[in-house]
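Contents: one structure, followed by commentary.
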Amino acid sequence: MKKSSFLTFFCFLFTAIIGWSQTTEEIVAAIEKEAIENSQLEQLAYELMDYNGPRLVGTPQMKSAHDWAVNTYKKWGISAENQQWGTWRGWERGITHVDMVSPRVASLHATQLAWNPSTGKKGVTAELIILPKVSDSLAFAKWLPNVKGKIVMVSMPQPTGRPDENWEKFATEASFAKMKKEREALEKEWRENMENTGYSSRTINKALEKAGAVGIAQSRWSKGFGANKIFSAGTDKIPVVDISLEDYGMLYRMVEHGAKPEIKIVAESKELGEVPTFNTIATIPGTELPDEYVILSAHFDSWDGATGATDNGTGTITMLEAARILKKVYPNPKRTIIIGHWGSEEQGLNGSRAFVEDNPKIVAGLQALFNQDNGTGRVVRISGQGFLHSYAYLGKWLEAVPKAYKNEIETTFPGAPGGGGSDYASFVAAGAPAFSLSSLSWDYWNYTWHTNLDTYDKIVFDDVRNNAILTAILTYMACEDPERTSREKAVLGTNPRTGEQREWPTPRSPNRRGGLD
Ligand SMILES: [Zn+2]
């Protein structure tokens, strides 16, 4: 080699090395700039939560959300499609209106539960009745005919509508302790009495329906001001409504005092037969290693007591925004980027389990998956999910993340494989490196998780922006990594509860035909 060409070669090599490291820094800076200066999070949240609304599997709003996601990706030049993986009972929520009509008139804060049949426009008007104290199931069976023509109150009346932190702040120590003791005694008595009936809170609705009750009123308080959890009904013909703690308590006391309150339930839902159900899958093809994948993952469905803003609207818009940013600043990834918006996570990880079952090649080629699904907060925990060498690659990728987005993150390596809880578990069970970006709580469990309060106003956009930047950088690093990630499993310790050796979770099949007999 001539001296001059040697110099040229050396210069080339030098700029190549510097160039690469500059590129990483430049890309990270470009991700931050795009996320901060051109954030689409507020717009996405408005369109998904406020305009589209809740995303219960089998509802037309779930389908319209899937179509919205595909169109949104198209606008950004990212190809996306809805992939059908099963069918579900089609149902649509209509007007719910619940009023006390006697001895005085008052509109009540109440919601029909999911997949509950319609009352028609006329509704159902009837007197309320509470469960009796019984010594055994025989005594309960003897009492059961009393429910004929009545609306039955099946939840324990709460002694206080103030959350514990409110008591802690204002009550005397003695009175807080007294309230808790009384509440515990009441809960114990309620539990024992329910056992005596021969039913559980899950099975009693059907028995009451069979005995001629014309409706069921429950109140599933979520231990926060105004917060109730809203799930599904569990009856075939009669309405089941959840009533706010405040209104439920009032009605219960009126029954106890012999005031014979009557309520009117109008709940005009629609049955829509068997409907197809989907995952939305978006793809940015890889240029060098197209058969290796980095997946951004967040379930797309929600319960429908509110608009599913933090479960899982925030995880959804995090992944959408990260994908948008990556398409702009890193349009030709080395590995293929897939964004998975799963359906029916809430009924048992069904969408992601179906994807794992239907796409063995993608699962085999998975470099890493990042899932987010526990509220609006900044990511503060990442576990290696039991993969022995996860520290090496996750640690390396995290190094590229500016301190501001990672200094609160606590990592656990190798950690233990998640057996459920959210969609990463579907991939972990198949032995593929999938991780949960776990958020700070912001009172998720009491206030927004599956409640009537899970709405746009609970979103903390700065935290979600933080998570979109973190996700985009981790994705970029996982795509560019010269090495494939190791799938070697750590030896799992013993379960402290049972003393038995822990086992790696095994893949489970999804329910591909839900809510239909
Ligand atoms: Zn969720």
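Of note:
- Gain on full stretching of the segment that runs from GLU271 to THR160 - 0.36 nm per residue minus C-alpha separation: 36.2 nm
- Centre separation in Å (Cα based) which lies between the stretch 435-493 and the stretch 359-428: 8
- In the chain, Cα pairs under 8 Å separated by at least six residues give a relative contact order of 21 percent.
- Note on the stretch 65-82 and the stretch 116-134: Cα centroid distance 43 Å, given to the nearest whole angstrom.
- Candidates per GluC sites (Glu not before Pro) in the stretch 345-396, loop by DSSP, up to 13 other Cβ within 10 Å: none
- Extreme residue, positive dipole direction of the stretch 232-297, given options VAL266, ILE295, ALA282 (C-beta unit charges): VAL266
- With contributions of -39500 (n - 2.57) from each DSSP H run of at least four residues, the per-residue ellipticity at 222 nm computed over the chain stands at -11000 deg cm²/dmol.
- Computed E for GLU195/GLU127 - FRET, C-beta separation, R0 30 angstrom, nearest 0.05: 0.65
- Linear extension gain, MET250 paired with HIS97, 0.36 nm per residue minus alpha-carbon span: 53.3 nm
- The ASN38 and ASP443 beta-carbon pair, evaluated with R₀ = 41 Å, returns a calculated FRET efficiency of approximately 0.85.
- Of the residues ASN312, SER441, HIS97, the one whose Cα sits farthest towards the positive end of the charge dipole of the chain is HIS97 (charges of +1 on Lys and Arg Cβ, -1 on Asp and Glu Cβ, taken about the Cα centre).
- By the combined test of axial Cα extent (at least 18 Å) and Kyte-Doolittle hydropathy (mean at least 1.0), none of the DSSP H helices of the chain qualifies.
- Applying 0.36 nm per residue to the separation of GLU184 and GLN84 and subtracting their alpha-carbon distance, the gain on full extension is 31.3 nm.
- For the stretch 475-517, the set of GluC sites (Glu not before Pro) satisfying both a DSSP loop assignment and a count of at most 15 other C-beta atoms within 10 Å is given as GLU483, GLU488, GLU500, GLU503.
- The stretch 39-59-the stretch 272-311 distance, computed between alpha-carbon centres (Å): 14
- Rough spin-label spacing in nm, given labels placed 7 Å along Cα→Cβ, for HIS257 and THR203: 3.7
- Inter-label distance for ASP457 and LYS142, nm, one decimal - labels placed 7 Å from Cα along Cα-to-Cβ: 5.1
FYI, it's all coordinate maths here, none of it is from the lab. Not measured: the values here are computed from a predicted model. A quick note on method: Cβ atoms are made from the backbone with ideal geometry, for glycine too, and the neighbour counts reach across all protein chains shown.
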